[in-house]
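Peer 1: Mind having a look at this structure? Questions to follow.
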Amino acid sequence: MVNAALPHEIEVVERIQESPTIFTLRLRFTDPVQHAAFRFEPGQFNMLYLYGVGEVPISIVSDPEDEKLFDHTIRVVGRVTRGLGQLKARDRLGMRGPYGRGWPLKQAEGHDVMIITGGLGCAPVVSVINYVIRRRDRFRRLIIMQGVKHSDDLIWRSQYSQWSKLRDTQVLVAADVGVALWPWHIGRVTELFDQVEFDPSQAMIMMCGPQGMMRVAVDHLLRRGVTEDHIHLSMERNMHCAVGHCGHCQYGGKFVCQDGPVFSYAEARPLFGIQGF
Amino acid sequence: MEAGFLPRAWIQALLDALHRAGYRCVGPQVRDGAIVYDTLDRAGALPQGVRDRQGPGQYRLETTASPRYFSWANGPQALKPFLFAPHEVMWRAERDARGAIRFSEIMPAAEMLAVIGARACDLAALRLQDRHFLQGKFADPYYAARRKNLFLVAVHCTHPADTCFCASTGDGPRATQDFDIALDELDDGYLVQAGSDQGSMITAQLPLAPTTDAQRGIAEQEAQEAARRQTRGLPSRNLRDVLFANLEHPRWENVAERCLSCGNCTAVCPTCFCHGERDVTALDNSHSEHARQWDSCFTQGHSYIHGMTIRADTRMRYRQWLTHKLGSWHDQYGRSGCVGCGRCIAWCPVGIDITEEARAIGGGGGHG
Ligand SMILES: Cc1cc2nc3c(=O)[nH]c(=O)nc-3n(C[C@H](O)[C@H](O)[C@H](O)COP(=O)(O)OP(=O)(O)OC[C@H]3O[C@@H](n4cnc5c(N)ncnc54)[C@H](O)[C@@H]3O)c2cc1C
Ligand code: SF4
Ligand code: SF4
Ligand code: FES
């Protein structure tokens, strides 16, 4: 019987500081055989184990076809993430995964793809943007909407500018508070919906961020005629086991670690936004 | 697989046969005023004539002149702690001077364990725990290692407590499946039935007499009587729709005013599976152990995500517990998460009664 609770040793190959509190670890298994066998889908996550401190769920942001390394972009918030932030190249840590269900990228082929994120470094969707850009012919329009609290919080700033120059791509960025030379909107990202050019009957929406933001976005999209099963959201819950055993990520009759973290709005709706679930 | 009649004086033969087959036996014994399962070598340690009185927030033992060993209903413990350990180390990480980390799993000792006196409600709960820990996408090897070596001697209930309502959930009082041996207790001995090949191997070693129609008649009558005596019940076997349609019912606030959020109900419930994991590093930093421990959806930390707690108050926590146990459990496991054992009623310090709350919130729901 495979013990899904047991981590495997991995090592940091490269560490990139993205912002004062956000960093990316580029990783590989120390055992090349294990590394070669590792497969994942964008939107899935790994449990990263920091020696002696603990485990945390972190999304995989790299391309599934990159065979050399896999990447995690992490924000320092507490015990484990602070320690992960101090790792350097060649440091060892533990990892088990991938877990959960990723974004419906196969289903999205032939559709307009709209990516809506709120908050700092919404890692799970960056993998989708890169995925779509590298396979541009399979998708129609690409719309990227990113909202941040403060303009300084936007990581990968130059990438947003580059993306906005690509054909059939629209980039809408907003900050609640912006400093001088902020080229994008000041206010909520959800205020930009009227500028979005897309075909509601042919669109696949993927979003991630605070529930309040997702609520506003969902309501807008439904009014525009997008169907509930074409809206997908990534949910965040406390996680310990990641394999549907510990109960921490319970969401009604679902375990976010197994049935999610990506849910269609149709699946999430019965309890979506109800306090306490 | 009806095997025969075992006079009470010969019950030791059952323990001896199990010992010979390599099992450690655990059976009911009185400890600190409650009936708990503990290592049982001598039949004389069984709680003869002991009867329990249970009610909301109450559990008390008294002695009677009855010669019976099993004339009580559930104590605080179910089978859960034997399989899903309250605390266990899962693996260990060792780090060498160069920073390399080695992981090794720590499996429970492969002990052969026989439980004497398992009740129908607890066998039903065991089926649910099997489903949860073994039959999903990832099987839990720690639970599996213990489950493989478990031998179950069930005793059909003839003395339900006032808190018992297994007849309404369909899980008791007679044990119908998942036992190796089942016993009907009569005043002078036991009707012995084998439920598995291992069970038959044990019963074959017992000095059994043929059973009589009269004995079978009494056993049958006592079982029916036990079901009839139960006064509590759930309003329906599937309360999912009605509970989720009533998430803003004023009763949630009412129960939250009484509930202490202590989590006792989750600790005694034989189907609750929540646990938390944490790491403990050796003082010399040579290794670190990753352990898990029972947890409860009534704690603050259970639903903590950075910057917020999803269920910040008792109203939301009780609502989470009840809507899961009696509602969304149907989505996950095809049935309710309640087997009617009544422990959460007896062991709640303020006597909150799940059947009463279910009725107050979902009482309008159909009957099943
Ligand atoms: C599916 C999923 C994917 C995620 N992907 C990323 C990512 O790509 N990048 C990133 O920076 N963060 C991500 N997070 C959030 C990240 O897991 C938390 O920030 C991290 O667990 C906090 O741990 P800590 O010990 O540093 O913080 P503390 O606040 O000290 O947390 C202590 C414990 O609480 C729990 N916890 C706290 N916050 C969260 C949270 N937000 N989600 C789940 N459990 C939490 C964990 O069990 C953690 O060990 C993801 C969360 C989930 C559920
Ligand atoms: S909810 Fe209460 S009565 Fe039902 S199985 Fe759990 S402890 Fe027993
Ligand atoms: S709930 Fe039923 S099976 Fe369980 S102890 Fe009570 S009477 Fe026996
Ligand atoms: S994280 Fe344990 S059940 Fe989902």
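The values are calculated or read from the model by the stated rules, or taken from the named source; none is laboratory data. Keep in mind it's a predicted model, so treat the numbers as computed, not measured. Here Cβ is always computed from backbone atoms with ideal geometry, including for glycine, and neighbour counts include all displayed protein chains. In case anyone asks, the SASA skips ligands and DNA or RNA and just uses the protein heavy atoms, side chains included. Shrake-Rupley method; radii C 1.70, N 1.55, O 1.52, S 1.80 Å.
Peer 1: Take the Cα atoms of the protein assembly as shown, find their three principal axes, and give me the spread along each one in whole Å, biggest first.
Peer 2: Taking max minus min along each principal axis of the Cα atoms, the protein assembly as shown gives 92, 61, 41 Å.
Peer 1: Right, next: Would you please give the residues with an amide H less than 5 Å from that of B:GLY263, counting only those at least 5 places away or on a separate chain, with H modeled from the backbone geometry?
Peer 2: none
Peer 1: Something else now. Once label points are set 7 Å from the Cα along Cα→Cβ at both B:HIS19 and A:GLU14, what is their separation, rounded to one decimal in nm?
Peer 2: Result: 6.8 nm between the two label points.
Peer 1: Follow-up question, since we're still on this one. Can you give the longest run of chain A that contains no trypsin sites (Lys or Arg not before Pro) sitting in a DSSP loop with at most 13 other Cβ atoms inside 10 Å?
Peer 2: Here the longest run is A:168-277.
Peer 1: Here's another thing I want to ask about it. Let's test the formula: R0 of 30 Å, r as the Cβ-Cβ distance of B:GLU220 and B:ALA109. What FRET efficiency results, to the nearest 0.05? Mind showing how you got there, number by number?
Peer 2: Details: r = 41 Å, r/R0 = 1.37.
Working from the Cβ atoms, E equals 0.15.
Peer 1: Let me know the shape class of the range B:1-116, please: from the alpha-carbon gyration tensor, a ≥ b ≥ c as square roots of the eigenvalues, rounded when a/c is under 1.5, otherwise prolate if a/b is greater than b/c, or oblate.
Peer 2: oblate
Peer 1: Sequence-distant or interchain residues sharing an amide H contact under 5 Å with B:ALA3, placed H: which?
Peer 2: HN-HN under 5 Å from B:ALA3: B:VAL192, B:GLN193, B:ALA194.
Peer 1: Quick check on the range A:173-277: take the gyration tensor over C-alpha atoms, sort the square-rooted eigenvalues as a ≥ b ≥ c, and tell me if it's rounded (a/c under 1.5), prolate or oblate. Please report the intermediate quantities before stating the final value.
Peer 2: On the way: a/c = 2.59, a/b = 1.56, b/c = 1.67.
Since a/c reaches 1.5 but b/c is at least a/b, the shape of the range A:173-277 is classed as oblate.
Peer 1: In addition: Based on the Cβ-Cβ distance of B:GLU356 and B:ASP32, what FRET efficiency does E = 1/(1 + (r/R0)^6) give at R0 = 35 Å, to the nearest 0.05?
Peer 2: Step by step, r from the Cβ atoms, then E = 0.80.
Peer 1: Also, I was wondering about something else. DSSP H helices in chain B with Cα extent of 18 Å or more along the helix axis and mean Kyte-Doolittle hydropathy at least -1.0?
Peer 2: Long hydrophobic helices here: B:120-134.
Peer 1: Cut-off 10 angstrom, C-alpha nodes, Gaussian network model of chain B. Which of B:ASP188, B:ASP313, B:ASP284 fluctuates the most?
Peer 2: Answer for the Gaussian network model of chain B: B:ASP284.
Peer 1: Could I ask something else about it? How high is the relative contact order of chain B? Use alpha-carbon pairs under 8 Å, at least six apart in sequence, and give a whole percent.
Peer 2: On the way: 735 pairs, mean separation 82.8, N = 368.
After rounding, I find 22 percent.
Peer 1: I would also like to ask the following. Among B:LEU191, B:LEU61, B:LEU83, whose mean-square fluctuation peaks in a Gaussian network model of chain B (Cα, cutoff 10 Å)?
Peer 2: Looking only at B:LEU191, B:LEU61, B:LEU83, the largest GNM fluctuation is found for B:LEU61.
Peer 1: Given a 1.4 Å probe and the protein chains all in place, what does the accessible area of A:TRP184 round to, in Å² to the nearest 10?
Peer 2: Near enough 50 Å² of accessible area.
Peer 1: Filter the cross-link list A:LYS88/A:LYS149; A:LYS254/B:LYS148; A:LYS165/A:LYS254; A:LYS106/B:LYS325; A:LYS106/A:LYS254 down to pairs whose alpha-carbon distance in this structure exceeds 31 Å. Walk me through the numbers before you get to the answer.
Peer 2: On the way: A:LYS88/A:LYS149 29 Å; A:LYS254/B:LYS148 28 Å; A:LYS165/A:LYS254 40 Å; A:LYS106/B:LYS325 36 Å; A:LYS106/A:LYS254 23 Å.
As for pairs spanning more than 31 Å Cα to Cα, those are A:LYS165/A:LYS254; A:LYS106/B:LYS325.
Peer 1: Pop out the Kirkwood hydrodynamic radius of the range A:8-99 from its pairwise C-alpha distances, inverse of mean 1/r, in Å to one decimal.
Peer 2: This gives a value of 13.0 Å.
Peer 1: Could I ask something else about it? Between the range A:209-270 and the range A:79-105, what is the separation of their alpha carbon centroids in Å?
Peer 2: 22 Å
Peer 1: Can you give the helix-only mean residue ellipticity at 222 nm for chain A, where every DSSP H stretch with n ≥ 4 adds -39500 (n - 2.57) and the sum goes over all residues, rounded to the nearest 500 deg cm²/dmol?
Peer 2: -5500 deg cm²/dmol
Peer 1: Right, next: State, to one decimal in nm², a quarter of the convex hull surface area for the C-alpha atoms of the range B:248-368, i.e. the direction-averaged projected area. Show your work: numbers first, answer last.
Peer 2: Numbers: hull surface 39.5 nm².
Averaged projected hull area, Cα only: 9.9 nm².
Peer 1: So what is the relative contact order for the range A:28-75, in percent, with contacts set as C-alpha pairs under 8 Å and at least six apart?
Peer 2: Over the range A:28-75, the number comes to 31 percent.
Peer 1: Can I ask one more? What's the FRET efficiency of A:HIS185 with B:ALA97 using the Cβ-Cβ distance as r and R₀ = 41 Å, to the nearest 0.05?
Peer 2: 0.15
Peer 1: On C-alpha positions alone, give me the angle between the axis of helix A:123-134 and the longest principal axis of chain A, in degrees, nearest 10.
Peer 2: 70 degrees
Peer 1: When the Cα atoms of chain B are enclosed in a convex hull and the volume is divided per residue, what value in Å³ results? If you can, show how the numbers build up before the last one.
Peer 2: Details: hull volume 60.0 nm³, N = 368.
Per-residue hull volume (Cα only) is 163 Å³.
Peer 1: A follow-up question, please. With a cut-off of 8 Å between alpha carbons and a minimum separation of six or more residues, what is the relative contact order of chain A in percent? Write out the running numbers ahead of the final one.
Peer 2: On the way: 554 pairs, mean separation 46.6, N = 277.
Relative CO of chain A lands at 17 percent.
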